[in-house]
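Note sheet for the following structure.
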Amino acid sequence: MSEPLHPLETVTTIYLLRHGHTEETEKGKLYNDPNVEITANGRAQAEALGTWLANNKPDLLLCSTAKRVRSTAQIIQQSVGMKAQPIDGFNEWSVGDWEGRTYVDLKEKEPDVYKTWSANPIENAPPGGESITDLYNRIHLNLKQVIKTHEGKQIGLVTHAGVIRCILVGALGMPLINFWRLSIPVGSVSKIDFSDNFATVHFTALQPTLLNAAAK
């Protein structure tokens, strides 16, 4: 054999950090509002994420452009000692006309529309919004560019639950219908290693605030 069985590959590590708690999240709302702010609880979660991430020594910190994400990243950056870089393409699932509503509200007030969407919630889009397939394609197009630009680095990416679900589904080679089966709590972190030939998910939805509480 002239080639090694396991040739060395450049590995890019991405820590996927979901933004801190918001009131809209607490109420179960569908929202992509770029001006929603995190709560005091969300700021505490961001502080815990920052302490945790600093111990893992990232090379750079990226974030989506929504206010709740940038606010979370600004707190994290104080611990990791580097400024967060806002980056386009990693904002949350666009829910169009469903902005600010809950699934329960939609089911009660627009049952026909909800029934049509829920018959295939991966391919069907909310009125004026994205389908999950659209979201997945958008996220993975931008993810490839980030990995290409920062190959071999350890990257902290502060973003949204839908974005993180898309990246995890792709990394695990799962059918996209499993998007809905992944729970990504606010203030959590997931770790994935990427190379040209593989992706390894080390853990998902680790919550540093819970770890800190358990240690006391």
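For the stretch 66-106, the tally of residues that are buried (at least 20 other Cβ atoms within 10 Å of the Cβ) and part of a loop (DSSP other than H, G, I, E, B) stands at 7.
Of all residue pairs spaced 6 or more apart or on separate chains, those with beta-carbon atoms under 9 Å, a first member in the stretch 171-184 that is farther than 19 Å from Leu206 by Cα and a second member that is of a type in the set (S, T, N, Q) and modelled with pLDDT of 95 or more are Leu176/Thr133.
The test for being under 25 Å from Glu26 (Cβ atoms) and touching a residue at least 60 places away in the same chain (Cβ under 8 Å) does not hold for Leu210. The residue pairs whose first member lies in the stretch 38-65 and is within 13 Å of Met82 (Cβ to Cβ), whose second member is part of a loop (DSSP other than H, G, I, E, B) and β-branched (Val, Ile, Thr), and whose beta carbons are closer than 9 Å, counting only pairs six or more residues apart or on different chains, are Leu62/Ile87; Cys63/Ile87.
Each row is one residue, and each column tells you yes or no for (1) surrounded by 13 or more Cβ atoms within 10 Å (Cβ to Cβ); (2) in a helix (DSSP H, G or I); (3) acidic (Asp, Glu).
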position	(1), (2), (3)
Val158	yes, no, no
Ile164	yes, yes, no
Leu168	yes, yes, no
Met174	yes, no, no
Trp180	no, yes, no
Val186	yes, no, no
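Determine whether the stretch 92-115 contains at least one residue that is in contact with a strand residue (DSSP E or B) (Cβ under 6 Å, 6 or more places away or on another chain) and either closer than 17 Å to Gly187 by Cα or at pLDDT below 95 (or both). For the stretch 92-115, residues in contact with a strand residue (DSSP E or B) (Cβ under 6 Å, 6 or more places away or on another chain) and either closer than 17 Å to Gly187 by Cα or at pLDDT below 95 (or both): absent. Looking only at residues in the stretch 23-65 that are in contact with a Gly (Cβ under 6 Å, 6 or more places away or on another chain) and in a loop (DSSP other than H, G, I, E, B), the one that is surrounded by the most Cβ atoms within 10 Å (Cβ to Cβ) is Ile38.
Output yes when any residue across the stretch 124-136 is part of a helix (DSSP H, G or I) and loosely packed, with under 13 Cβ neighbours inside 10 Å, and no when none is. No, every residue in the stretch 124-136 fails to be part of a helix (DSSP H, G or I) and loosely packed, with under 13 Cβ neighbours inside 10 Å.
For residues in the stretch 62-103 being among the aromatic types (Phe, Trp, Tyr) and under 19 Å from the mean Cα position of the chain (by Cα), which is farthest from Ile122 (Cα to Cα)?
The selected residue is Phe90.
The values are calculated or read from the model by the stated rules, or taken from the named source; none is laboratory data. None of these values were measured; they are calculated from a predicted model. All Cβ positions, glycine included, derive from the backbone under ideal geometry; neighbour counts span all protein chains shown.
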